[in-house]
Amino acid sequence: MAKIVCGDIVDQADLLKRARLTVFHNPFQFFSDIKMAQATWKKLSSMLSPGSLIVASPPLTEQLAQAEDPVKESDWVELVDVEYPMADDPEDEHADEEGRLYTSVAVYKVKKMLKH
């Protein structure tokens, strides 16, 4: 059964360790300062289990950069190839320059839990 939790993600260590899929949709950009975002990313990178998947929008590269790279992405996760749908309309506002839709969504596989 799927579970949606409303609360501070860093207080959900047991749930995150068991999660097979975690979605980060603009998780910290709008409501935390840099120091809080850095601390949160460090905690998250030590809680998500190897083999679990992360769906991120924007991609983790962008999210981690906004937090001044508190975690080295390549040490923690690997990017999963995604087949993005093509837009029917070449003027679709959601399409990238090649006509692919939703490329602001990236999928990652957790390689290992980091120690901080």
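The values are calculated or read from the model by the stated rules, or taken from the named source; none is laboratory data. Everything numeric here is computed off the predicted structure, so don't read it as measured data. Every residue, glycine among them, receives a Cβ derived from its backbone with ideal geometry; neighbour counts consider all protein chains shown. Please note that ligands, DNA and RNA were not included when accessible areas were found on the heavy atoms of the full protein model with its side chains. Shrake-Rupley method; radii C 1.70, N 1.55, O 1.52, S 1.80 Å.
Some observations on this one:
- About the centre of its Cα atoms, the chain shows a dipole size close to 1240 debye [charges on the beta carbon of Lys, Arg (+1) and Asp, Glu (-1) only; nearest 20 debye].
- Long-range amide H partners of T22 with built H, under 5 Å: L53, I54, V55
- By accessible area, using a 1.4 Å probe on protein heavy atoms only, the chain has 52% of its surface on carbon and sulfur.
- Probe 1.4 Å, protein heavy atoms only - accessible area per residue of the chain in square angstrom: 68
- Here the Kirkwood formula puts the hydrodynamic radius of the stretch 59-116 at 13.2 Å, using every distinct Cα pair.
- A dipole drawn for the chain from +1 and -1 charges on Cβ atoms has a positive end, and of F28, I9, L79 the residue lying farthest that way is I9.
- Of all DSSP beta bridges in the chain, antiparallel share, percent nearest 5: 65
- Computed FRET value (nearest 0.05) for Q12 with E91, which takes r as the C-beta separation and R₀ as 41 Å: 0.50
- Amide hydrogen neighbours beyond the local backbone of V77, cut-off 5 Å, H modeled: K111
- Folded to 0 to 90 degrees: helix 34-45 orientation relative to the chain principal axis, Cα: 80
- The modelled label-to-label distance between K115 and R20, using points 7 Å beyond Cα along the C-beta direction, is 3.0 nm.
- With a simple spin-label model that places each label point 7 Å from the Cα along the Cα-to-Cβ direction, the separation between E98 and V82 comes to 1.4 nm.
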